[in-house]
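Undergrad: Pasting a structure below so you can have a look.
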Amino acid sequence: MREEDMEIAIKVVVVGNGAVGKSSMIQRYCKGIFTKDYKKTIGVDFLERQIEVNNEDVRLMLWDTAGQEEFDAITKAYYRGAQGCVLAFSTIDRDSFEAIETWKKKVEDEVGPINMVIVQNKIDLIDEAVVHSDEAEALAKKLRLRFYRTSVKENLNVDEVFRYLSEKYLEEL
Ligand code: GDP
């Protein structure tokens, strides 16, 4: 049994290839904003948001790799202690979809098996889409992960992703 008034804080890392919308997702979720040319500040580690899940206050700390995706030494430090992970790709970037399993492995190699979700972002860009939702769903099924389709731009499904990870975490306490 855990203590009643203990604060529940969850570290969630958002990973995926560059430009899939990771920083935008964190900005959207924590600050409620979307900008086309948001400049990443290297050294800013995370943003947070408090939500209520099953009558519990949960503080979500969302960590961004801040454009350092290719530097393993740096990203490993970001992953440390994570309890949840968003594996993000962009619907207009085939490579980013094909890299999902690699990202999953990278995170798991560092922190072991934690709750993860696959997120197909930029679904507002229907005309430019190069990844079918069916394929993404099949991958999620194969990896036994929940799958969400989001548009950070239009604020579609973003809250749901983080709520799901929070609920999963609480279930396991
Ligand atoms: P990161 O490198 O993965 O952190 O990606 P960014 O958050 O920097 O986003 C890359 C670009 O994609 C930026 O110009 C964002 O404004 C844009 N972007 C992010 N999410 C969406 C989305 O859902 N729809 C559209 N159309 N653009 C998006």
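The values are calculated or read from the model by the stated rules, or taken from the named source; none is laboratory data. Since the model is a prediction, treat every value here as computed from it, not as a measurement. Cβ placement follows ideal geometry from the backbone for every residue including glycine, while neighbour counts extend to all protein chains displayed. Note: accessible area is taken over every heavy atom of the protein model, side chains too, but ligands, DNA and RNA are not part of it. Shrake-Rupley method; radii C 1.70, N 1.55, O 1.52, S 1.80 Å.
Undergrad: Would you confirm, using the coordinates I've provided, whether Y79 is modelled with pLDDT under 95 and crowded, with 18+ Cβ neighbours inside 10 Å?
TA: In short, yes.
Undergrad: I'd like to know if the range 111-125 contains one or more residues that are over 16 Å from the mean Cα position of the chain (by Cα), more than 27 Å from F34 (Cβ to Cβ) and at pLDDT 95 or above.
TA: Yes, because at least one residue in the range 111-125 is over 16 Å from the mean Cα position of the chain (by Cα), more than 27 Å from F34 (Cβ to Cβ) and at pLDDT 95 or above.
Undergrad: Right, next: Answer yes if at least one residue in the range 117-133 is more than 16 Å from the ligand (Cβ to nearest atom) and either of a type in the set (F, W, Y) or in contact with a Phe, Trp or Tyr (Cβ under 9 Å, 6 or more places away or on another chain) (or both), and no otherwise.
TA: Initially, the range 117-133 is screened for residues more than 16 Å from the ligand (Cβ to nearest atom), giving 132.
Keeping just the survivors that are either of a type in the set (F, W, Y) or in contact with a Phe, Trp or Tyr (Cβ under 9 Å, 6 or more places away or on another chain) (or both) gives none.
There is no residue in the range 117-133 that is more than 16 Å from the ligand (Cβ to nearest atom) and either of a type in the set (F, W, Y) or in contact with a Phe, Trp or Tyr (Cβ under 9 Å, 6 or more places away or on another chain) (or both).
Undergrad: Please verify whether V58 is in a helix (DSSP H, G or I), over 23 Å from S151 (Cβ atoms) and touching a strand residue (DSSP E or B) at 6+ places or on another chain (Cβ under 6 Å), treating the condition exactly as stated.
TA: Answer is no for this residue.
Undergrad: Let me ask you something else. Restricting to the range 57-78, count the residues that are away from the ligand (no atom under 15 Å from the Cβ) and either among the acidic types (D, E) or over 12 Å from the mean Cα position of the chain (by Cα) (or both).
TA: The qualifying residues number 7.
Undergrad: Yes or no: the range 95-106 includes at least one residue that is among the charged types (D, E, K, R), more than 10 Å from the ligand (Cβ to nearest atom) and open to solvent by less than 50 Å² (accessible area, probe 1.4 Å).
TA: yes
Undergrad: Can you pull out every residue in the range 122-136 that is under 15 Å from S96 (Cα atoms) and assigned to a helix (DSSP H, G or I)?
TA: Of everything in the range 122-136, those that are under 15 Å from S96 (Cα atoms) and assigned to a helix (DSSP H, G or I) turn out to be E128, S133, E135, A136.
Undergrad: Sticking with this one: With closer than 20 Å to E167 by Cβ and modelled with pLDDT of 95 or more as the only criterion, which of A140, A99, A129, A136 stands out?
TA: Selected residue: A140, the only one of A140, A99, A129, A136 that is closer than 20 Å to E167 by Cβ and modelled with pLDDT of 95 or more.
Undergrad: Additional query: If you take the residues of the range 10-66 that are among the aromatic types (F, W, Y) and under 21 Å from R163 (Cα atoms), which of them is modelled with the highest pLDDT?
TA: My answer is Y29.
For (1) assigned to a loop (DSSP other than H, G, I, E, B); (2) buried (at least 17 other Cβ atoms within 10 Å of the Cβ); (3) in contact (Cβ under 8 Å) with a residue 24 or more places away in the chain, each residue gets a yes or a no:
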{"site": "Q120", "(1), (2), (3)": "no, yes, yes"}
{"site": "K141", "(1), (2), (3)": "no, no, no"}
{"site": "Y148", "(1), (2), (3)": "no, yes, yes"}
{"site": "E154", "(1), (2), (3)": "yes, no, yes"}
{"site": "E160", "(1), (2), (3)": "no, no, no"}
{"site": "L165", "(1), (2), (3)": "no, yes, yes"}
